[in-house]
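To start, the structure under review is shown below, and the notes come after it.
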Amino acid sequence: MGSLISTKEVALAREHPRGTERRRLLPYRDALNDVVAYAALAESDRDAIVRWAETRRRIKEAYGIDHDPANLADPLLPEDRLRAHVIAGERAAARRNDFADPGGDLIAVVAALRRS
């Protein structure tokens, strides 16, 4: 999994967060609603989700853009819920219940979880 997310990628996602999220995550709808389905995905598919979740973390951290509960048409998943689901799915895939999310760069966290 490539760990570098370019500033261009973050800028595009920041400009069009809902459309970008829809394009990136729609193929994984079932996996985003079920940890077992997430864990069953090929690693390359999980990488795509991890990469988007890290992009969302960076956007939220730098620009404050996240799920807006007042906007009923807002399809963005809350960043913290997406991250928790990714960590749970990766723990299930690795068969590790003892891994605690240390926070920070999700790509690095997932890489550490997969290595351990």
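The values are calculated or read from the model by the stated rules, or taken from the named source; none is laboratory data. What you see is a predicted model; the values in this text were computed from it and never measured. Don't worry about glycine lacking a Cβ; one is built from the backbone with ideal geometry, like all the others, and counts go over all protein chains shown. When the accessible area is computed, the model is the full protein with side chains, heavy atoms only, and any ligands, DNA or RNA have been set aside. Shrake-Rupley method; radii C 1.70, N 1.55, O 1.52, S 1.80 Å.
Structure values in brief
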{"quantity": "Virtual paramagnetic centre 7 Å along Cα→Cβ of N71, amide N under 18 Å, in the stretch 1-33", "calculated": "10-26"}
{"quantity": "Theoretical ellipticity at 222 nm over the chain - DSSP helices of four or more residues, -39500 (n - 2.57) apiece, nearest 500", "calculated": "-20000 deg cm²/dmol"}
{"quantity": "Listed values (i) 12.8, 36; (ii) 13.6, 40; (iii) 16.3, 58, entry calculated as Rg and Dmax of the Cα atoms in Å", "calculated": "(ii)"}
{"quantity": "Estimated dipole of the stretch 1-80 in Debye, rounded to 20 [Cβ of Lys and Arg +1, of Asp and Glu -1, Cα centre]", "calculated": "280 debye"}
{"quantity": "Solvent exposure ordering (accessible area, 1.4 Å, most first) of L32, L4, L25", "calculated": "L4, L32, L25"}
{"quantity": "Tail weight of P(r) past 18 Å, computed on alpha-carbon pairs of the stretch 10-64, percent", "calculated": "33 percent"}
{"quantity": "Selected from A70, T55, A40, residue furthest toward positive end of dipole (the stretch 16-91; charges at beta carbon)", "calculated": "T55"}
